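For reference, the structure I am asking about is given below.
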Amino acid sequence: MVSLSGSLLSSLTVTNAGSNRFTRFPLYNSKMIHFRCYKRKKVQRKAVRACVAPPPNLGSDGWSATKFNDPSKSENLSTVWEPEDNSDVLIECRDVYKSFGEKHILRGVSFKIRHGEAVGIIGPSGTGKSTILKIIAGLLAPDKGEVYIRGKKRVGLISDEEISGLRIGLVFQSAALFDSLTVRENVGFLLYENSSMSEDQISELVTENLAAVGLKDVEDRLPSELSGGMKKRVALARSIIFDTTKEAIEPEVLLYDEPTAGLDPIASTVVEDLIRSVHMKDEATVKLGNIASYVVVTHQHSTIRRAVDRLIFLYDGKIVWQGMTHEFTTSSNSIVQQFASGSLDGPIRY
Ligand SMILES: Nc1ncnc2c1ncn2[C@@H]1O[C@H](COP(=O)(O)OP(=O)(O)OP(=O)(O)O)[C@@H](O)[C@H]1O
């Protein structure tokens with residue numbers, strides 16, 4: 001099942017719960033999202049688990065974590081090191097193209113997100129970073145190229161029922177909370193709508209998840225009563241909450257679109273550390289949503305340094321550099337050098 005959760009539920013949620021499927025159809029107005037239509041339809045759950053048959057030699061959570069720690073092999077795009085074993089690839093973009101009218105935004109973008117990875121997507125403004133996140137999340141379809149979710153090609157958008165075994169959550173830059181709902185209702189939204197949990201159970205879980213992101217006694221507040229950093233933390237709590245009455249929790253890939261934009265340096269550090277903390281894959285943190293991997297679009301150096309291990313640099317519609325985070329500031333790639341230093345001189349033109 002591909003289930004979009006967390007803050008993405010603000011825009012669209014498709015959850016296959018038994019034989020009932022709940023589908024919300026969003027209307028976009030920039031990054032503000034409103035539900036205009038709510039439709040419930042019955043679908044047959046298809047036998048699609050075969051596409052996610054686990055590979056041999058798994059870790060305790062069902063997947064082997066790949067180590068990306070060979071800096072000598074990842075300095076240049078042409079020599080980037082790729083493990084030969086693809087059994088732990090959760091998401092793959094293959095030669096993705098996307099245009100908006102005459103604007104050719106993505107022009108052949110290919111990369112993989114493996115189980116256990118913390119990946120940053122960086123690059124100049126308008127280069128298509130948010131666009132690629134939306135394509136991964138299934139909110140936008142590529143014009144050309146494919147997206148594979150756990151080895152299975154996605155056909156169409158989010159309503160695709162053929163993909164199973166991975167939840168994908170998108171945490172919007174704006175936090176995208178429902179203004180008229182309380183923090184409790186925002187965080188528990190998916191569970192109120194789609195689970196058989198009682199109100200008390202959900203309420204308890206909401207409090208637990210809020211505590212996990214460092215928030216206490218805010219359940220009854222409205223988003224307008226929160227600071228920007230608190231809103232982002234509420235959005236994070238919403239993205240990691242899950243139905244604890246379910247026997248198996250599917251792993252989730254969380255996509256963060258500029259999670260620290262607009263925050264002061266200390267609030268940024270808090271959010272960066274939270275992003276890390278919900279990712280840890282031990283027994284204790286399975287309680288926090290089983291976040292297998294995450295992708296962060298960011299401009300902030302602190303977030304690059306603190307929250308991700310591997311970087312993908314997008315420029316002019318293509319990936320022009322990939323490497324480990326610690327290589328970013330020492331790269332000999334002139335585009336990366338200019339971006340890292342913020343210089344006006346160099347190949348990047350504004
Ligand atoms: N739905 C859309 N319709 C038309 N143009 C769009 C749409 N979505 C994005 N664009 C355009 O595509 C380009 C890439 O947008 P995108 O938001 O992906 O860039 P970005 O790299 O995330 O930028 P930033 O770093 O400034 O957030 C921009 O020029 C934007 O105006």
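As an exercise, use a Förster radius of 30 Å and the Cβ-Cβ distance of residue 104 and residue 301 to find the FRET efficiency, rounded to the nearest 0.05. Don't jump to the answer; show the numbers that get you there.
Values: r = 29 Å, r/R0 = 0.96.
Given R0 = 30 Å and the Cβ-Cβ separation, E is 0.55.
Which ³J(HN,Hα) values, rounded to whole Hz and listed in residue order, are derived for region 124-136 from phi using the Karplus coefficients 6.51, -1.76 and 1.60 in 6.51 cos²θ - 1.76 cosθ + 1.60 with θ = phi - 60°, glycine and proline given as x?
Whole-Hz 3J(HN,Hα) from phi for region 124-136: x, 4, x, 8, x, 5, 5, 4, 5, 4, 5, 5, 4.
On to the next question. Semi-axes of region 86-341's equivalent ellipsoid from the Cα gyration tensor, sqrt of 5 times each eigenvalue, largest first, rounded to whole Å?
30, 22, 17
Determine ³J(HN,Hα), in whole Hz, for all residues of region 305-316 in sequence, where each value follows from phi through the Karplus function 6.51 cos²θ - 1.76 cosθ + 1.60 and θ = phi - 60°; x replaces Gly and Pro.
So the J values, rounded to whole Hz, are 5, 9, 9, 10, 9, 10, 10, 10, 9, 9, 8, 6.
Give, as a single signed number, the net charge of other residues whose beta carbon lies under 13 Å from the beta carbon of residue 230, with Lys and Arg counted +1 and Asp and Glu -1.
Working: positive: 216, 221, 231, 232, 233, 238; negative: 217, 219, 225, 264.
With Lys, Arg at +1 and Asp, Glu at -1, the net is +2.
Amide H neighbours of residue 256 under 5 Å, at least 5 residues apart or on other chains, H built in the peptide plane: list them.
171, 295, 296, 297
Taking the C-alpha atoms of region 107-208, how large are the radius of gyration and the largest Cα-Cα span, Dmax, in Å?
In order Rg, Dmax, the Cα atoms of region 107-208 give 16.8, 49 Å.
Relative to 2.2 N^0.38 Å, what does the C-alpha radius of gyration of region 180-300 come to as a ratio? Two decimals please. Kindly include the intermediate steps, with their values, before the conclusion.
Values: Rg = 14.0 Å, N = 121, 2.2 N^0.38 = 13.6 Å.
Working it through for region 180-300, the quotient is 1.03.
In whole Hz, what ³J(HN,Hα) sequence does region 224-231 give by Karplus (6.51, -1.76, 1.60; θ = phi - 60°), x for Gly and Pro?
Karplus values, whole Hz, x for Gly and Pro: 5, 9, 10, 6, x, x, 5, 4.
Can you tell me how much longer the chain between residue 220 and residue 277 gets when fully stretched, taken as 0.36 nm per residue apart minus their C-alpha distance, in nm with one decimal? Could you put the intermediate results ahead of the total?
Numbers: separation 57, 0.36 × 57 = 20.52 nm, distance 2.52 nm.
That works out to 18.0 nm of additional length.
Given a cut-off of 27 Å, name the pairs among 232/318; 103/231; 129/153 whose C-alpha atoms lie farther apart than that in the structure shown. Mind dumping the intermediate values first?
Numbers: 232/318 29 Å; 103/231 33 Å; 129/153 21 Å.
The answer is 232/318; 103/231.
Rule-based calculations on the coordinates, nothing more; no lab input. What you see is a predicted model, and the numbers here were worked out from it, not measured in a lab. Positions of Cβ are generated from backbone atoms using ideal geometry, with glycine treated the same way; all protein chains shown enter the neighbour counts.
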